[in-house]
Every structure is written in structure tokens, then in C-alpha cells.
Amino acid sequence: MQFQQIIGQTTLKQELIQEINSGKIAHAQLLQGPAGYGGLPLALAFSQYLFCTERSAEDSCGRCASCQKVQQLQHPDLHFVFPVVLSIGKTSDLFLSDWRAQLQQSAYFDLFNWTERIDTKLRKPIIGTEESKEIIRKLSLKGYEGGYKIMIIWQPEEMNADCANKLLKILEEPPAQTLFLLVSEDASKLMITIQSRTQLIRVPKIKTDDLSTYLQEVKNQTRTNADAIAAFADGSVLSALSYLATSEDQDQQRDHFIQLMRVCYKKEVLAMMDWADEIATIGKERQKLFLQYALHMMRQSMLTNYMGDVLTKVSSEEAAFLEKFAPFISGNNIREFMSTFDAAYFQIDRNANARILFTQLCFQTMRYIHQA
């Protein structure tokens with residue numbers, strides 16, 4: 001992957017390129033940020049740039065033998081470690097064909113997407129003890145092409161304690177010209193001793209304009225629609241793509257939100273219960289998407305209240321609704337709304353009872369909407 005293929009992240013890309021060109025490369029680097037921000041694509045582009053034999057000041061060439069090998073995920077000095085379902089296989093090597101297929105499809109994916117690919121039972125994948133032995137074995141060998149050996153560890157927070165402890169020494173004293181790139185969504189879950197042995201690189205949100213441009217140029221969205229989706233996605237390619245993947249449900253998400261606010265405003269308890277029953281049946285991923293959509297509409301409501309339509313990025317249908325609804329979201333209730341819907345997302349992601357959760361959400365919304 002070349003840096004030019006990564007969505008946004010202009011400043012961070014320039015910093016990574018400068019690191020290589022300066023010759024001062026930290027041996028263990030930890031890229032942290034939600035998967036949709038592009039940590040893994042950045043690690044891949046960094047690796048390709050480092051291996052490239054004809055790189056420019058801005059990017060790898062994409063044509064030399066080294067670039068071709070990285071793009072085909074066949075470079076002998078580029079190694080991958082990622083969570084696996086131990087009852088299927090103990091190490092990443094046994095899942096390399098799946099890994100290559102995933103990266104060829106898209107380098108923007110999260111742990112749920114990966115688990116769906118490798119296990120129909122959706123059992124929790126981890127990085128186990130056997131993996132640490134393979135890492136040490138591979139890195140003890142001389143590089144095939146006489147340069148750097150790179151070990152990309154994706155989702156290192158999923159390492160079990162034994163694996164993490166066995167890696168400490170090689171992280172602290174790696175073999176010559178060995179580079180670790182750890183790509184994490186939540187570095188706070190890593191052992192403190194591992195965090196202290198790495199250089200932290202925070203991967204920021206993708207700028208809304210960059211994400212909108214991608215949606216227009218690659219996904220053939222209109223400017224208005226791309227702006228609305230990019231604002232909803234809040235800097236995450238994955239959120240934007242999830243929204244597009246359920247395009248037939250986009251109107252339904254808006255209708256769910258409008259219906260919730262109307263029945264709660266009118267204090268129609270039976271209608272609120274019916275709403276909770278209905279949304280409890282749409283499935284976990286759509287429920288999470290709805291909660292993200294609700295948070296987005298509340299942010300847009302606050303922008304509408306204070307800035308008019310100067311900064312709001314919504315569709316024409318949403319704009320028509322916000323004209324009447326926005327005044328009911330104010331400084332008196334926005335904190336409660338945001339924290340409640342954030343908490344609901346967290347609980348749904350951890351398999352809370354949907355019917356109970358959304359029933360409770362209705363009554364909380366009814367209370368907050370009358371505090372405006």
C-alpha cells in the first residue's frame with residue numbers, strides 16, 4: 001500500500017515519511033486509534049516505503065520488486081501477527097490466506113469484521129502463547145533481503161499475559177534492523193511494560209472534508225450526501241462504509257430517530273414500548289448504527305441552534321426535521337443525551353438485553369426532551 005492510497009492523515013503521513021528519510025527509525029512504534037482512522041493502512045504504507053528501492057520524497061514507487069512483494073503480502077521480511085481463534089489454529093501463520101484476502105479487499109476493518117471472516121461461530125480471537133514463540137523464532141533469523149525485518153502486530157491488546165510477557169525482552173533488545181509496528185485501538189489495555197517500550201503515535205480522526213472527498217470520488221456519492229455521511233462517520237472510514245452498506249436502511253434510521261423523539265415528546269408510553277420492541281428486533285449491528293446516528297443528529301441539532309446551517313452537514317430530509325426538532329436539544333440536556341446514548345452503545349456492544357435497554361432509553365429520552 002502506498003501513502004497516497006490512505007484516506008486523509010496528511011500530517012501523519014508526512015511525519016512517517018520524514019522518520020524514514022532521516023534515518024532515525026524507532027525500533028518499536030505503537031499506532032493507536034480506532035480501526036476506521038487508518039492505523040493498519042499507515043503501518044502497511046510505512047513498511048512499503050521502508051522496503052522500496054526507488055522511493056521518492058513523497059511515497060514508495062509502487063513498481064519495484066520490493067513494493068510488488070509488499071502489495072501482494074508476500075515480502076519475506078514483512079511478518080504479521082493478529083488475533084486468531086485458538087480452537088481453529090494457534091498462530092497467525094495458519095490464517096495467512098484469510099488475512100491476505102481481507103487486506104486485498106480492504107485494509108480498513110476492525111476485530112468484528114476479522115472475526116466474521118475466520119469463524120462463523122464468532123468466538124473471541126486472541127494472540128496466544130504459541131504466537132510469541134513464532135515471533136521470536138522469525139526475528140532471530142537473518143533478513144532475506146539484507147535490510148529491515150518488520151513485524152506488524154495488529155490488535156496487540158488481544159495478547160494474553162503469557163504472550164505479552166515473552167515479548168518484553170525482544171521489544172527491549174531487538175535484533176539489529178528489526179522493526180515492530182503495533183497497531184492498536186486501545187493502547188491502555190496493553191501491559192504498562194509494553195507501552196513503555198514503544199513510541200506512541202496517535203492516529204487522529206480523518207478530516208471530514210477528506211472523508212467526504214473519498215466518498216464522492218470512490219463511492220460515487222453526491223456532495224451533499226457525502227458531506228452528511230462524513231459528518232455522521234465522525235472521522236471513521238468504517239462508520240462511513242457501514243452506513244453506505246446499509247443504504248437501504250438509511251431512511252429507516254432517520255425514521256426510527258424521528259419516531260423516538262415524537263413519542264417521547266408526547267409521553268405516549270404504549271407507543272414508546274412499541275418502539276423499543278421494534279428496534280430490539282433489528283439486530284446488534286443496526287442497533288449500534290442507530291445509536292451512532294442518534295448521537296450524530298444531536299450534534300447537528302446543537303450546531304443548528306448556535307450556527308444555523310453554516311456548519312451543519314445533513315441531507316435535505318434531515319435538515320427539514322432539524323428545523324423543528326433542534327430547539328429541543330440544548331445546553332440543558334445535551335450532556336445527558338450524549339452520555340445516555342454513548343452508554344447504550346457500550347452496553348449493546350457487550351450484548352445487553354436490547355428490549356430492556358431500549359425501553360429504558362425511551363423513558364430517559366422522555367425526561368431529557370422536556371428539559372430543553
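Bear in mind that the values in this text are calculations on the coordinates, not laboratory data. Here the structure is a predicted model, which means the values were calculated and not measured. A quick note on method: Cβ atoms are made from the backbone with ideal geometry, for glycine too, and the neighbour counts reach across all protein chains shown.
Structure above, values below:
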quantity	calculated
Exposed-site-free run, longest, the chain (rule: trypsin sites (Lys or Arg not before Pro); DSSP loop; at most 13 other C-beta within 10 Å)	268-349
Lysine-lysine proximity count for segment 246-369, Cα under 22 Å, sequence distance 8 or more or distinct chains	4
Nitroxide proxy distance, nm - points 7 Å out along Cα→Cβ at LYS142 and ASP274	7.7 nm
Ascending count of other beta-carbon atoms within 10 Å, so fewest first, for MET302, MET151	MET302, MET151
Percentage relative contact order, the chain, counting C-alpha pairs under 8 Å, at least six apart	17 percent
Bridge type composition, the chain - antiparallel percent by DSSP, nearest 5	5 percent
Among ALA352, ALA35, ALA228, residue whose mean-square fluctuation peaks in a GNM of the chain (springs only between Cα atoms under 10 Å)	ALA352
Per-residue Cβ neighbour rank within 10 angstrom, fewest leading, VAL263, VAL218, VAL269, VAL237	VAL218, VAL269, VAL263, VAL237
Of GLN74, GLN253, GLN292, the one that fluctuates the most in a GNM where the chain has Cα springs shorter than 10 Å	GLN74
Farthest positive-ward along the chain dipole, Cα basis, beta-carbon charges - from THR208, GLN347, ALA28	ALA28
Residue among THR359, THR281, THR53 with the largest mean-square fluctuation in a Gaussian network model of the chain, springs linking Cα atoms under 10 Å	THR281
Segment 3-202: antiparallel DSSP beta bridges as a percent of all, rounded to 5	5 percent
Furthest towards positive pole of dipole, SER66, LEU78, ALA230, structure part the chain, Cβ charges	LEU78
ARG123 versus ASP251: modelled label distance in nm, points set 7 Å from Cα along the beta carbon direction	4.3 nm
